[in-house]
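Below: the structure, in structure tokens.
Where a number appears in this text, it was derived from the coordinates with a stated rule and is not lab data. In this text, all values refer to a predicted model and were calculated from it rather than measured experimentally. So basically every Cβ, Gly included, is an ideal-geometry build from the backbone, and we count neighbours across all protein chains shown.
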Amino acid sequence: IASMKAQFSKLGLSLDWSREFATCDPEYYGAQQGLFLKFLEKGLVYRKASKVNWDPVDNTVLANEQVIDGRGWRSGALVEQRELTQWFFRITDYAEDLLTEVQKLERWPEKVRTMQANWIGRSEG
């Protein structure tokens with residue numbers, strides 16, 4: 001965190017450090033866990049096995065955007081396809097609404113809106 005703060009300072013950014021938080025802070029992750037439990041109670045999340053991009057050096061799952069020419073963006077290792085059980089949100093139930101709303105985000109770069117639209121996808125049939 002100290003290194004990150006120093007980098008921000010070198011960039012000349014003016015930040016309100018009184019609003020700083022860490023994702024390892026129990027107050028933060030406790031709120032996130034509570035929100036997840038609400039999604040679970042409402043049936044908006046589920047578990048299933050699915051293929052993921054696995055970086056064998058960093059021992060982590062990578063998003064498609066983090067795989068460049070078949071290699072992990074950080075480690076440079078060849079990415080493996082692995083099947084892991086994981087949590088999913090039922091966003092396809094809301095795909096049309098989400099796609100409509102993403103296009104209304106006029107201040108977002110077009111590239112980002114396109115990436116979000118591709119991630120949401122459209123399910124027909």
Computed over the chain, the relative contact order (Cα-Cα under 8 Å, seq sep at least six) in percent reads 19 percent
Sparse-neighbourhood loop hits (chymotrypsin sites (Phe, Trp or Tyr not before Pro), the stretch 9-39; DSSP loop; Cβ within 10 Å at most 13 others) -> 21
Check: C-alpha center the stretch 83-125 vs C-alpha center the stretch 1-78, spacing in Å is 19 Å
Candidates 71, 47, 107; GNM for the chain (alpha-carbon contacts under 10 Å) flags as most fluctuating 107
